[in-house]
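A short write-up of the structure that comes next.
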Amino acid sequence: MKIDAYSDVRGEIFINKIKGVEFVVSFTKAGAYRGGDYHASKQYAIILKGKFEITLRQNNKEAVKKYGPNELIVVPANTPIYLKP
């Protein structure tokens with residue numbers, strides 16, 4: 001298992017790679033933004049604590065949804081995502 005860690009003013013991200021599969025744990029400070037990136041495969045996220053507003057961009061339209069603890073988020077492949085706690 002390999003773990004990469006990143007830290008900045010927004011919080012911390014830990015990327016765990018196990019047998020070719022990535023598991024990302026992110027700690028984001030309230031009011032900080034993350035995102036703009038996208039991935040070639042479908043992404044799954046579970047909010048463990050706090051609330052997030054997530055903006056997904058699909059077909060040149062933006063959809064904003066709010067999520068809280070224990071909610072599963074499914075992000076289609078090649079879909080830009082923006083997070084705001």
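Just so you know, all these numbers are worked out from the coordinates, no wet-lab data involved. All figures in this text were calculated on a predicted structure; none of them were measured in a lab. Backbone-built Cβ (ideal geometry, glycine too); neighbour counts: all protein chains shown.
Equivalent-ellipsoid semi-axes for the chain (Cα gyration tensor, √(5λ), whole Å, largest first): 20, 17, 12. Here the simple spin-label model places points 7 Å from the Cα toward Cβ, and for residue 29 and residue 13 these points are separated by 1.7 nm.
With 25 Å as the limit on Cα-Cα distance, the pairs of 19/51; 17/42; 19/49 that go past it are 19/51; 19/49.
Applying the Karplus relation 6.51 cos²θ - 1.76 cosθ + 1.60 with θ = phi - 60° to segment 4-16 yields 3J(HN,Hα) values of 9, 10, 9, 9, 8, 5, 7, x, 9, 10, 10, 10, 9 Hz, where x marks Gly and Pro.
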